[in-house]
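Taking it in order: structure first as structure tokens, then the write-up.
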Amino acid sequence: MSSAWAPNETDYQIYAEKIWLQANILQNIPYGVELALFATCFVALVQNMDHSNFRRHVFLMTFITAIFGLGTVYMITNSLFTQQAFIEYRNFPGGPGAYLNAMFANTVGLTNSVSWVVSNWLLDGFLVWRFIVIYSDVRPWYRAMFAIPCLMLLASIILGSIVLRDIAAMAQAGTSNSTPFAVADLTLSYYTISLALNILVTIMIAARLLAHRHHIARLLGSHHATSYANTAAIIVESAVLYAIFAFAFLVSFGVDSAVSNVFINFVNSTQAVSAFLIILRLTKGNAWSTDTNARIFHSAENVLLESRAAPSVQYTPDRTSDVTVKDPSAILDGDVSDQVLSRELDRKV
């Protein structure tokens, strides 16, 4: 086709508009996954609801509905804004890219930003809650580290509020170039805090589950360590999937690459998918909870009692009591496993 029909724009402008349009089309893929997981989680929560977990399941149903609703608003406003730029106002001076910069803070654009940021706050808070649950049984002085992700979450909320306020102020004043890139330093700070929070929590959750897997495998064998700490569980519980997409977005956004439009459209749904997968594991009883350590401890104790009751082993109640008085959290610290292994070696000698 003749290049004379091409718009009067630079090659980079045309490239950026191509990426933007394709990103808005491709975002339907992760949104479809989010929709399927939302329906699956909702049905699972309803089916597994009883008097003992009624309040928690109602809260989780409300949470996933809010997240899915915000994600749907984000999808709709993204589509509407693309429609405005490429169809309704296609003759806007400078093309669709210029329309994006000039009109980002209109009603559609501002609604889009609010839905993305609020959803991000809720999902960051959910991940911090999972972090606290997984580390809830550590020694008291370890709990001081809870303050780090909590403070980072607070900073993320404050910076996000300032970003939204500035975008809204630009819209009210009719200022051109109202895209978040116009306040790039502040926006990048917000994304950096949010990403750093997720990476930190992801690493610490994964480290906790790996430590659990190591000690349980030493105590009972590797096949007993897979329920809560197999590879899939670690990936899901620590939200690695979201951390990967968020990091890719931050890098591309930081270097002012048009590819960041692809990742920012994927990040919202990917973060929701990560949370829904965790909630699905919670509903099925496979996710880590506040009493998981105690249940594993009692299972380990039963296995040891059965092995000591065998004909070739002399069962000694006194020695068993030494182990049972231990704090269940010692399993992850290695205390119980080391004591049990040393006692078994003493008997064999």
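The values are calculated or read from the model by the stated rules, or taken from the named source; none is laboratory data. Keep in mind the model is a prediction, meaning the values are calculated, not measured. Heads up, the Cβs are rebuilt from the backbone with ideal geometry, glycines too, and the neighbour counts pull from every protein chain shown.
General remarks:
- Residue count for segment 19-51, restricted to those that are touching a residue at least 60 places away in the same chain (Cβ under 8 Å) and not β-branched (V, I, T): 16.
One line per residue, one yes/no per condition, for (1) modelled with pLDDT of 80 or more; (2) at positive phi; (3) among the charged types (D, E, K, R); (4) not in a helix (DSSP H, G or I):
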| residue | (1), (2), (3), (4) |
| --- | --- |
| A102 | no, no, no, no |
| A105 | no, no, no, yes |
| W121 | yes, no, no, no |
| L151 | yes, no, no, no |
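- Scoring A102 on the criteria (1) touching a residue at least 12 places away in the same chain (Cβ under 8 Å); (2) in contact with a helix residue (DSSP H, G or I) (Cβ under 9 Å, 6 or more places away or on another chain) leaves a single failure, condition (2).
- Boolean, S79 is assigned to a helix (DSSP H, G or I), buried (at least 19 other Cβ atoms within 10 Å of the Cβ) and in contact with a helix residue (DSSP H, G or I) (Cβ under 9 Å, 6 or more places away or on another chain): no
- Selection count, segment 99-117, where residues are more than 27 Å from the chain's Cα centre (by Cα) and surrounded by fewer than 18 Cβ atoms within 10 Å (Cβ to Cβ): 3
- Residue pairs meeting the criteria (Cβ under 6 Å; at least 6 apart or on separate chains; first at pLDDT 75 or above, in segment 272-290; second among the charged types (D, E, K, R)): A272/E34; V273/E34
- Residue check for T65: surrounded by fewer than 19 Cβ atoms within 10 Å (Cβ to Cβ), in the same structural domain as N198 (by TED's automatic domain parsing) and among the polar types (S, T, N, Q): yes
- Some residue of segment 204-224 being more than 22 Å from G285 (Cα to Cα), modelled with pLDDT of 70 or more and out of contact with any strand residue (DSSP E or B) (no Cβ under 9 Å at 6 or more places or on another chain): yes
- Inside segment 118-168, residues that are more than 16 Å from Y191 (Cβ to Cβ) and of a type in the set (S, T, Y) make up a count of 3.
- Scanning segment 249-258 for residues that are surrounded by 17 or more Cβ atoms within 10 Å (Cβ to Cβ) and aliphatic (A, V, I, L, M) returns L250, A258.
- Single residue of R56, R90 found to be surrounded by fewer than 17 Cβ atoms within 10 Å (Cβ to Cβ) and in a loop (DSSP other than H, G, I, E, B): R90
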